[in-house]
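Participant: Here you go, one structure.
What follows draws every value from the coordinates through simple rules; no lab data is involved. Small disclaimer: the values here were computed from a predicted structure and weren't measured. We place every Cβ from the backbone using ideal geometry, glycine too, and count neighbours over all the protein chains shown.
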Amino acid sequence: MDLRALNRGELIAAAGGILLVISIFLSWYSLGNGFAHVGSCGPHAPNSSCSAWDAMPVFRYLFLLAAVAPVILAWIIARGHALAWPRGELTAVVAVVSLILTLFLGVIDHPGSPPEEVSVSYGWYIALAGGALMLAGSVWRSQESAPRRKPPGVL
């Protein structure tokens, strides 16, 4: 296993995946009053919070799988295994799906009721940063390993 085989893009993407895993256990939603609830969180005392692990019984596993993708890519590269696809492309797709899901669950339609009493908290922002790091690192890596294209008309 050669860790020197990893470049900056893989390290950035792996750091984003680790950040995404950490954010799942942090507070994603703030509950405004004692009657608000999200998933298995609530009703609690006013101004309590709820982590993504408690709030989303299915999506928490999707976030964990998305966070593991760049770490698995780094492990494959460090072990020197060959890939059937360009490095970083699958991680980029997973990062985009993770970012869209994070934005959907925080901005467009966050879970819980009553909706006006549930707001996003700092864990959601950390998950957003983790997904952005995963995407930036995987795009960086895929640009470095992409085949060079020739201009039109050149053989």
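Participant: Given the options Ser40, Ser23, Ser98, Ser51, name the one that is touching a helix residue (DSSP H, G or I) at 6+ places or on another chain (Cβ under 7 Å), without any contact (Cβ under 8 Å) to a residue 24 or more places away in the chain and hydroxyl-bearing (Ser, Thr, Tyr).
Facilitator: Checking each option against the conditions leaves just Ser40.
Yes/no matrix, rows are residues, columns are (1) surrounded by 22 or more Cβ atoms within 10 Å (Cβ to Cβ); (2) part of a loop (DSSP other than H, G, I, E, B); (3) of a type in the set (Gly, Ala, Ser):
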site: Ala67; (1), (2), (3): yes, no, yes
site: Ile72; (1), (2), (3): no, no, no
site: Ile77; (1), (2), (3): no, no, no
site: Leu83; (1), (2), (3): no, yes, no
site: Pro86; (1), (2), (3): no, yes, no
site: Leu90; (1), (2), (3): no, no, no
site: Leu99; (1), (2), (3): no, no, no
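Participant: Please find, among Val118, Val154, the residue that is surrounded by 19 or more Cβ atoms within 10 Å (Cβ to Cβ) and on the phi < 0 side of the Ramachandran plot. Break it down into steps so the answer makes sense when it comes.
Facilitator: Working: Val154 fails: surrounded by 19 or more Cβ atoms within 10 Å (Cβ to Cβ).
Exactly one residue qualifies, and that residue is Val118.
Participant: I need the full set of residues from the range 119-155 which are more than 22 Å from the chain's Cα centre (by Cα) and among the β-branched types (Val, Ile, Thr), in order please.
Facilitator: Val154
Participant: Here's a follow-up. What's the total number of residues in the range 101-115 that are on the phi < 0 side of the Ramachandran plot and not in a helix (DSSP H, G or I)?
Facilitator: If we filter the range 101-115 for residues that are on the phi < 0 side of the Ramachandran plot, which is where we start, we get 101-111, 113-115.
Pick out the ones that are also not in a helix (DSSP H, G or I) and you get 109-111, 113-114.
Selection size over the range 101-115: 5.
Participant: Here's a follow-up. Name every residue in the range 54-65 that is assigned to a loop (DSSP other than H, G, I, E, B) and either in contact (Cβ under 8 Å) with a residue 24 or more places away in the chain or under 15 Å from Leu20 (Cα atoms) (or both), in order of residue number.
Facilitator: Restricting attention to the range 54-65, the residues satisfying the condition of being assigned to a loop (DSSP other than H, G, I, E, B) are 56-58.
Passing the criteria: only Met56.
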